[in-house]
Amino acid sequence: MLDGDSKLQVQWEKHDESSTNTVEDENANSSIPRAVSDFVLPAGFPESVSDDYLQYMLLQFPTNVTGWICHTLVTSSLLKAVGVGSFTGTSAAAAAAAIRWVSKDGIGAFGRLLIGGRFGTLFDDDPKKWRMYADFIGSAGSIFDLTTPLYPGYFLPLASLGNLAKAVGRGFRDPSNRVIQNHFAKSGNLGEIAAKEEVWEVGAQLVGLSIGVLILDTPGIQSSYLTLTLTWLGVRLLHLWFRYQSLVVLKFRTVNLKRARILVRSHVANHTVPGYVACNEEENILTWERFLQPRISFGVPMERMLGGEESTHMDMVNMLLKLYKNEKYILCVEQLGLEEATYLVTFKEAATSMSVLRSLWQAHWLHQNRPKQDDVAAWLEESLSALEDGFADFIKQMEEAGWDQSQIFLKVPKEPVLVLEHLDQEV
């Protein structure tokens, strides 16, 4: 209880935000022959897709080729480990080999089950990052497979770990691909985009398998484990480089947390907002949110915000509620040193993506305008005044730069939500 006519509660409330990425863009005429275009590209290309579609697919092709070469080399190692040929010339019974092969597949299936059930909300926010990490995880799984010829007695645990890692990678890969395909579907032609991507992928598979077989037939590859491993490593690194390059060319118009930080930082520092092309080029697809500056923690419990002695908690709560009475969030500063501070944000009931964006703008203003004295309350009040004066211009510049407010997808965390009830009488 704050006073006789108001009550502050903290409750757990789940906010589900569903979004459909729609894009509008223009593209130049293509010089691709009509027969080839009709076979590998969506109808109406290039007008029916986003302008980065062809560049992405051209880079995806060598990415998939190198991936299938790696698959062929790894499969060779697995077969040797279960006794179907060997570097030492030994062999195993066919039945035992089949049992070991099937067993490692069953254990690996748990990976996709885990990802789909536990991390399903990640992919809409940052599909480029998770698509890249999917390949990193899959590469780690292949390393386990490559070690099986060295320790054939441990085939089941090694192959199972490899299959588990690769299944986790597929769990990250497939949802991320769906978001990317949806981005391409400028004309609502998602089904055709997926079908044509299958054409590209199968073509890459055939080329990759052919090259992989040729490599395995090369004298010295089959007889030398070291040569096989070094060949795999070289092709895998090339595969990861192609994957990264294919993701860098993607230009999303949606505003996720990374791109929102870029937009807000530019406006607070330079009073300008970059367009979606420049913003996507600046975005680092490998960086984790926790390593970005300024450090911002969303969905923080009030207990962490208040800190200090309990005797001062009521005054702190009243001060924060008064400051943020017109906002759907409360932001406070946790000082960890002279140079670094963490900005703590908790959200009120009915907070939206725009509330998250406003809190980001305020946090960046605070980070840009450090106080000369320790009056945090006055500093927060000044930042809110700056937010009130500058945020409208920020939104206006976003629209002028080609961003759409309907495509701001900043999820309100499922952490504690503040509910302020005004009561008619004392409780």
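The values are calculated or read from the model by the stated rules, or taken from the named source; none is laboratory data. For clarity, every value in this text was computed on a predicted model and none was experimentally measured. Positions of Cβ are generated from backbone atoms using ideal geometry, with glycine treated the same way; all protein chains shown enter the neighbour counts. In case anyone asks, the SASA skips ligands and DNA or RNA and just uses the protein heavy atoms, side chains included. Shrake-Rupley method; radii C 1.70, N 1.55, O 1.52, S 1.80 Å.
Scanning the stretch 267-303 for residues that are part of a loop (DSSP other than H, G, I, E, B) and in contact with a Pro (Cβ under 8 Å, 6 or more places away or on another chain), we see that the one that is nearest to L320 (Cα to Cα) is P301. Output the residues belonging to the stretch 346-382 that are basic (K, R) and within 22 Å of V412 (Cα to Cα). Within the stretch 346-382, K348, R358 qualify. Within the stretch 341-353, identify whether any single residue is among the hydroxyl-bearing types (S, T, Y) and in a loop (DSSP other than H, G, I, E, B), and answer yes or no. Among the residues of the stretch 341-353, at least one is among the hydroxyl-bearing types (S, T, Y) and in a loop (DSSP other than H, G, I, E, B), which makes the answer yes. Quick one: is G203 modelled with pLDDT of 90 or more, closer than 20 Å to D145 by Cα and not hydrophobic (A, V, I, L, M, F, W, C)? So G203 fails the test. Within the stretch 51-71, can one find any residue that is assigned to a loop (DSSP other than H, G, I, E, B) and either surrounded by fewer than 16 Cβ atoms within 10 Å (Cβ to Cβ) or at pLDDT 80 or above (or both)? Yes; the residues of the stretch 51-71 include at least one that is assigned to a loop (DSSP other than H, G, I, E, B) and either surrounded by fewer than 16 Cβ atoms within 10 Å (Cβ to Cβ) or at pLDDT 80 or above (or both). Filtering the stretch 251-271 to residues that are surrounded by fewer than 16 Cβ atoms within 10 Å (Cβ to Cβ) and either of a type in the set (D, E) or modelled with pLDDT of 95 or more (or both) leaves nothing. Looking at the stretch 204-222 only, could you name the residues that are outside any helix (DSSP H, G or I) and open to solvent by less than 60 Å² (accessible area, probe 1.4 Å)? Hits for the stretch 204-222 are G220, I221. The set of residues in the stretch 391-418 that are at pLDDT 90 or above, buried (at least 16 other Cβ atoms within 10 Å of the Cβ) and part of a helix (DSSP H, G or I) comprises F391, F394, I395, Q397, M398.
Looking only at the stretch 234-258, residues that are more than 11 Å from Y56 (Cβ to Cβ) and among the polar types (S, T, N, Q) come to 2 in all. All of (1) closer than 17 Å to W68 by Cβ; (2) open to solvent by 10 Å² or more (accessible area, probe 1.4 Å) hold for G191 with one exception: (1). Could you list all residues from the stretch 223-250 that are surrounded by fewer than 21 Cβ atoms within 10 Å (Cβ to Cβ) and either aromatic (F, W, Y) or not in a helix (DSSP H, G or I) (or both)? S223, S224, Y225, W241, F242, Y244, V249, L250, listed by residue number. Looking only at the stretch 245-280, residues that are closer than 20 Å to D404 by Cα and free of Cβ contacts under 8 Å to residues at least 24 places away in the same chain come to 4 in all.
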